[in-house]
1. Need the list of aspartates and glutamates near Lys325 for cross-linking: C-alpha distance under 12 angstrom, and skip anything on the same chain fewer than eight residues off.
2. How far apart, in nm, are two points set 7 Å out from the Cα along the Cα-to-Cβ line at Asn311 and at Ala349?
3. Which residues among the range 231-273 fall inside the zone where the amide N is under 16 Å from a point 7 Å beyond the Cα of Asp279, along Cα→Cβ?
4. With +1 on the Cβ of every Lys and Arg and -1 on the Cβ of every Asp and Glu, and nothing else charged, how large is the dipole of the chain about its Cα centre, in debye rounded to the nearest 20?
5. Modelled label-to-label distance, Val51 and Gln207, 7 Å Cα→beta-carbon offset: nm?
6. Taking only Cα atoms and a 10 Å spring cutoff, compute GNM fluctuations for the chain and point out the largest among Ile41, Ile168, Ile187.
7. Hey, what did the range 303-346 get for relative contact order, percent, Cα under 8 Å, at least 6 apart?
8. For the range 297-355, what is the charge dipole size about the Cα centre, in debye to the nearest 20, if Lys and Arg each add +1 at the Cβ and Asp and Glu each add -1 at the Cβ?
Amino acid sequence: MKRRLIVPMALLLVLSAASGSFAEADRCSEYSQQGKADEAIQECTKQIGGVVKTENIARSYLNRGLAYQVKAQLDLAIADFNKAIELNPKYDKAYTDRGNTYLLEGKSDLAIADFNKAIKINPKADHAYFNRGTAYQAIGQLDKAIADFSKVIQINPNLYQAYFYRAIARQAKGRLDQAIVDFSKAIELNPQQEQAYLNRGNTYLLQGRPDQAIADFNKVIALNPKSDEAHSNAGAAYMAKGQFDQALAEFNKAIELDPRYAKTYSNRGAAYMAKGQFDQAVVDYQKAIELKPNDASAYYNMACLYAVKKNIEESCIWLEKAAAKGYNKWERMKKDPDLKNIRDAACYAKIVKGK
């Protein structure tokens with residue numbers, strides 16, 4: 001029984017369009033670029049109020065908006081970006097940063113509209129293309145996301161984030177060879193970027209290349225010894241190699257680091273099951289269900305375990321629970337060798353009837 005743990009898509013990244021030099025006395029811009037939100041708000045407010053002179057009030061609103069964004073005061077951020085756009089309707093950075101804020105609010109349509117405006121004003125606005133790509137990715141429009149990340153790379157070939165996110169989109173499209181090329185380029189540009197190693201390892205797993213996957217997960221662990229994801233995924237890779245003791249060691253470490261992640265218990269249960277240690281497997285599957293009671297796959301795993309033990313009645317009970325929780329991989333169910341002992345049972349026939 002193979003149970004692969006694939007890390008969910010990396011968290012959405014937005015890049016600020018604010019950049020460039022600032023005068024020595026322009027503390028508003030300085031603090032904003034340094035991420036010192038409270039200081040930036042104070043200094044930018046002085047400029048906006050005329051206490052400190054500036055030649056670019058629109059930029060003052062932009063930088064104060066960025067500071068509010070850092071403090072997660074998104075309504076105030078949008079109000080300031082609105083004001084910056086009112087003062088300078090051709091201010092592409094203001095559209096980009098307002099779009100970023102909409103993206104943080106989950107308003108992808110509004111974000112995309114702003115990124116479109118920024119790109120119309122400045123066709124070389126790589127940050128606008130990048131963030132529009134993340135917006136398209138968030139709503140599942142992966143081809144458009146890939147096109148935008150490719151445009152970013154054309155404009156700025158050294159932005160490792162563009163390769164990383166294009167790789168994520170390509171992986172989701174099943175373009176695994178291309179994804180690996182992009183993850184590798186992201187690593188070349190930023191060798192300390194653990195998420196690139198982690199996701200490249202996941203892609204190797206999808207390709208059936210567990211040795212390369214393990215090498216990448218070990219690199220993540222070297223960079224971040226507390227990465228439970230890397231240990232858990234390394235366990236999945238050892239499972240694919242049939243090295244169950246090594247898999248258990250990795251799952252144990254992952255659970256030590258994060259005892260609340262249900263999938264690791266499911267994977268460790270699969271390792272115990274492969275070794276014939278059914279009692280330990282039951283304990284882990286039950287823990288996975290306790291932590292994530294609506295995960296249909298955990299119930300399915302339990303059905304497989306009892307089928308292997310030739311406990312037909314108990315297996316059907318868990319299979320019915322899996323179906324009730326939304327399990328719908330019927331073709332897999334019909335071919336899964338773990339269920340061979342219950343295929344002639346009336347309860348099994350009832351569950352799969354018409355599927």
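1. Within reach: Asp295.
2. 2.5 nm
3. In the range 231-273, the label zone of Asp279 (backbone N under 16 Å from the point 7 Å along Cα→Cβ) covers 272-273.
4. Values: 51 positive and 41 negative charges, 257 e Å.
With only Lys, Arg, Asp and Glu charged at Cβ, the dipole is about 1240 debye.
5. So the label points at Val51 and Gln207 sit 5.8 nm apart.
6. Ile41
7. Details: 33 pairs, mean separation 22.8, N = 44.
So the answer I get is 52 percent.
8. Numbers: 13 positive and 7 negative charges, 41 e Å.
For this selection, approximately 200 debye.
Any read-out appearing in this document is the output of simple, stated calculations on the displayed coordinates, not a laboratory observation. Please read all numbers here as calculations on a predicted model, not as lab measurements. In this analysis, Cβ positions are derived from the backbone assuming ideal geometry, glycine residues included, and neighbour counts consider all displayed protein chains.
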